[in-house]
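The values are calculated or read from the model by the stated rules, or taken from the named source; none is laboratory data. As the structure is a computational prediction, the values presented were derived from the model and not from experiment. Heads up, the Cβs are rebuilt from the backbone with ideal geometry, glycines too, and the neighbour counts pull from every protein chain shown.
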Amino acid sequence: MMGRQSNRSPHDHLQRIIFVYNADGGFFNALADRARKTLLPGTCRCNLCAVTHTPLGMRYRWKRFIQSLEIPVQFLHRDELAMEHGLRNMALPAVFLERHGMILPWIAAPEIHACPSVDALLDLVRRALAACESQDVPTTSSKTPAAR
């Protein structure tokens, strides 16, 4: 008897990827960030935002990449991370994984700061996803329960 092929993704053990900007959310903060990015290019305090957005919005290549992922994705601001998950004083920007109700640090701020372009960030996330395929959990030892 032949075995049935599985339709499972290699990332089925991951519940969600959480990208966190080093900026606070809200209309006025977004307006100020957009003005700063337009009037003073290169002064963005958040490299995740700098490489994934233009003054007009999310870069097309980044948006398409996010849409192509087989894992739900959430974008949060610094204050939203604190409110939703109780995580404060984290080096940001950063990327976290939610797995079995735990928030796991996944891609650290220095790695994101080292990305000079959206293509470099895409490669970083792809490599991190490939590493997840070869192991059951990310390589970090810090685990934080997910707040609901």
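Tabulated data for the structure shown
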| item | result |
| --- | --- |
| Every residue from region 80-138 that is in a loop (DSSP other than H, G, I, E, B) and loosely packed, with under 14 Cβ neighbours inside 10 Å | G86, R88, N89, A91, H100, G101, A114, P116, S117, S134, Q135, D136 |
| I107 without any contact (Cβ under 8 Å) to a residue 24 or more places away in the chain, closer than 15 Å to N22 by Cα, touching a helix residue (DSSP H, G or I) at 6+ places or on another chain (Cβ under 8 Å) and β-branched (V, I, T) | yes |
| Pair list, Cβ < 7 Å and 6+ apart or interchain, from region 40-55 residues that are of a type in the set (F, W, Y) to residues that are part of a helix (DSSP H, G or I) and modelled with pLDDT under 80 | none |
